[in-house]
1. Just name the residue that is surrounded by the most Cβ atoms within 10 Å (Cβ to Cβ) out of those in the range B:77-93 that are assigned to a helix (DSSP H, G or I) and hydrophobic (A, V, I, L, M, F, W, C).
2. Being within 13 Å of chain A (Cβ to nearest Cβ), on the phi < 0 side of the Ramachandran plot and either assigned to a loop (DSSP other than H, G, I, E, B) or modelled with pLDDT of 95 or more (or both) is the filter here; which residues of the range B:151-164 pass it?
3. Among B:GLY21, B:GLY70, which is over 20 Å from B:VAL137 (Cα atoms), assigned to a helix (DSSP H, G or I), open to solvent by less than 40 Å² (accessible area, probe 1.4 Å) and small (Gly, Ala, Ser)?
4. Of the numbered conditions (1) in a loop (DSSP other than H, G, I, E, B); (2) among the hydrophobic types (A, V, I, L, M, F, W, C); (3) open to solvent by less than 40 Å² (accessible area, probe 1.4 Å), B:ILE308 satisfies every one except a single condition; which is it?
5. Cβ-Cβ under 6 Å, sequence separation 6+ or interchain: first residue in the range B:272-295 and surrounded by 13 or more Cβ atoms within 10 Å (Cβ to Cβ), partner of a type in the set (Phe, Trp, Tyr). Which pairs?
6. Looking at A:PHE132, A:PHE104, A:PHE118, which is the one that is farther than 30 Å from A:GLY277 by Cβ and open to solvent by 30 Å² or more (accessible area, probe 1.4 Å)?
7. Does at least one position in the range B:364-380 carry a residue that is within 30 Å of B:LYS91 (Cα to Cα) and either surrounded by 16 or more Cβ atoms within 10 Å (Cβ to Cβ) or out of contact with any Pro (no Cβ under 6 Å at 6 or more places or on another chain) (or both)?
8. State all residues of the range A:326-335 that are assigned to a helix (DSSP H, G or I) and facing chain B (nearest Cβ under 9 Å); if no residue qualifies, say none.
Amino acid sequence: MSGLAFYLPFIWAFIVILAISVYVILDGFDLGIGILFAFEKKPEHRDIMINTIAPVWDGNETWMVLGGATLFGVFPGAYSTLLPAFYIPIIIMLGALIFRGVAFEFRIMAHSPNHRAFWNTGFMAGSTLAAFCQGCILGGYVQGVHTSHGAFAGGAMDWLTPFSVLCGLSVVTGYALLGTTWLVWRTSDELEARCRHWSKKLSILMILCIIAVSCWTPFLHAPYLHHWIAFPNILFGLPVPLLVALAGFLMWRTLDKEHAITPFLCVIGWFLLSLVGLAITIWPYAVPPTLTLWDVASPVPSQLFQLVGTVILLPIITGYSIYSYYLFRGKVTKTDGYH
Amino acid sequence: MVNDHDLPLTIARIQFAFTVGVHIIFPAFSIGLSVFLTFLEGMWLKTNDNRYLNLFKYWLKVFSIVFGMGVVSGIVMAYEFGTNWAGFSAKAGPITGVLLSYEVMTAFFMEAGFLGVMLFGLNRVGRRMHFFATCAVTTGTLISMTWILASNSWMQTPQGYVIDQKTGRFLPHDWLAIIFNPSFPYRITHMGLAAMLSVAFTVAAAGAWHLLKAKKSGTQADSTIRLMFSLSLWMIVITAPLQIIAGDMHGLNTLKYQPAKIAAVEGDWTSETRAPELLFGIPNMKTERTDYAIGIPLLGSFILTHDINGKVPGLKDYPADQRAPAPIVFFSFRIMIALGGLMLLCGLWSLWLRRRQHLFDHPLFLRVILTMAPAGFLALLCGWVTTEVGRQPWTVYGLLRTKDSASPLALSSLSFSMLFFVAVYLFVFGSGLLMLIRLLRATPEAADNTSDDIMILGSHHHTISQNKDAS
């Protein structure tokens, strides 16, 4: 394998993981707010919750489109095997995201309280279902996909196992926690207090999920276990659980104090560490346990052409995304919404 | 006719046609409307005439709904290539996937990033920066159109690739040739004008509705409505003839690069000179003739080649397994042309009435314009059916067959997704349509009263209290 053909998929794997991480974090708190609609019934609070994300959620969701498009262009072999493999949860997730997305507009413009209640429910159910499906897809992905000659060759329901359901529930929990800590940062008074309270409960649930998934994963495939215990991998792997514990400790401490953003950052830390752990586990497979990154990659000219654009455009995108967040910064309250 | 073996493929194709057919309405609407919004805000900044600001706010609400529906239906498209068309993705992904990624990076993020400012930011950033955001969103929609049409055009008139002998994949060879493929300039012009024309007819119909309502109650519609109606009709007067010219050029281009498609569109079976133009007929793929044909002599040759002695292609020039389903494209094309003609007539009629100073009070004209509300979008959909069904039986024209492009999916999976999408789309986008109609029934002044900001989150409180007052 020549130099570029070897290194480019490596760089692209990094970019794809980055895009997925950004998506999971950014849309994670959007979806989390939808999940929290199940528990927060006060109309004023719901409006405030929505107002914290209304100007930015669309951009957040775009990272998911970027993830899909990048797989399509750079790892078409993964795109064309993984998507048919997770056909059912992907279709349901897309439907759920449609409900979630239009509910933003429709609940604001609803003409009657009943109509509005319906779209509130749609927003909650869509967010929860989308989060659950994303977790199932992740779990199904980690447990592996049956392929033959580079194409999906398994059954339509292969993805559905106790492990993938656990992952689904974990992601719902994690997004809800991202949502509550985001709201701790962006809201005040009663709602903030409630979110601090919820954050504590959810963080206990979340750490249990992380432990359960982490203990289960290495036993899904023999190589997974090997990745973690072989020397020198263990040197890279060992800090991950330690850092998870550290972030958890820090979050717990700051939830009781006046810290606004720290709990949110700690949850982001949890998500990033989980994703890093996942990457260590499945490396170097793009479609575990058969196809490596190099098996599924596009020809070099495709990867190169897209890389040029990505290197130039991603910083620009990051720039105006930050500007947008900056513009709508600060605590959102009932009175000062967007005046 | 469809045997069990073909059924999953047929469902996958119907599903794609359905999901993309619903989706395409929204980006087209967004493209046309964002251009209109930019114009309105620009005029407001230039003239300080508050009517422009009121119209801007009024249509911005519509834009936020239409754009949102475009985003959610678009995510489906970004994944449907993989879920339902794995064969296509694996082989053509190195080209179309890359173009799609560029679309996301250069357009989607820009639109999403500045949409928040456009919708909620007027009082946070000031007029100039807000106008910049509006322009950025508009530019985003136009860039998005550019990439997606480059990709689509490449599938119609592919070039700049080599085929890898081992894997059958398309390997990019010359990106400029891929993007600026032969049908791209014509297709993007045709599509851009279609978006403008569709939105112009929607705006005009909303204006006509308010003018008719005012007439009924014996009052005169206020000047904001009249301004909106007048602007939209100018737009029609300008774009309708341009669209006919662009369509004609696009047709010539198709004749050159995809003559088999033209043969199917025309319902012509044998290649001939001095061919008639069929106004009606039922192309029969089995007997290889067009039944009940009614045509105008020589016109076919003249339209296609601009020469009455010109030679036009016939379907029999091509093997039976390389012919597009003529009955579908024959009719979709004719409906498009008929609608195009009607739109041109509407434009001419408006000029005549404007001259006689009856633009705002001619009842029949107002009713016709109201009825024509969906005409642009219908024509646009018929155009897409013509070009996409006309591409069959290929996904990448002449190179990759549709049946080799599908995913290895069970019939049950495809049936599930088909029913699921139909149910979700009809419900969600049906609700969206009702909501749009409700928005348009309010007058632009009402939009102005809601608050000092353009869009207020939670403005429903206002609406609800208004409803209470009314009841």
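1. B:ALA86
2. B:SER151, B:ASP164
3. B:GLY21
4. Failing condition for B:ILE308: (3).
5. B:GLY281/B:TYR292; B:ILE282/B:TYR292; B:PRO283/B:PHE330; B:GLU288/B:TRP269; B:ARG289/B:TRP269
6. Just one listed residue meets the conditions, A:PHE118.
7. yes
8. Across the range A:326-335, the qualifying residue is only A:LEU327.
The values are calculated or read from the model by the stated rules, or taken from the named source; none is laboratory data. Since the structure is predicted, the reported quantities are computational estimates derived from the model, not experimental observations. Neighbour counts are summed over all protein chains in view; Cβ atoms, including those assigned to glycine, are modelled from backbone coordinates with ideal geometry. The area values use the complete protein model at the heavy-atom level, side chains included, leaving out ligands, DNA and RNA. Shrake-Rupley method; radii C 1.70, N 1.55, O 1.52, S 1.80 Å.
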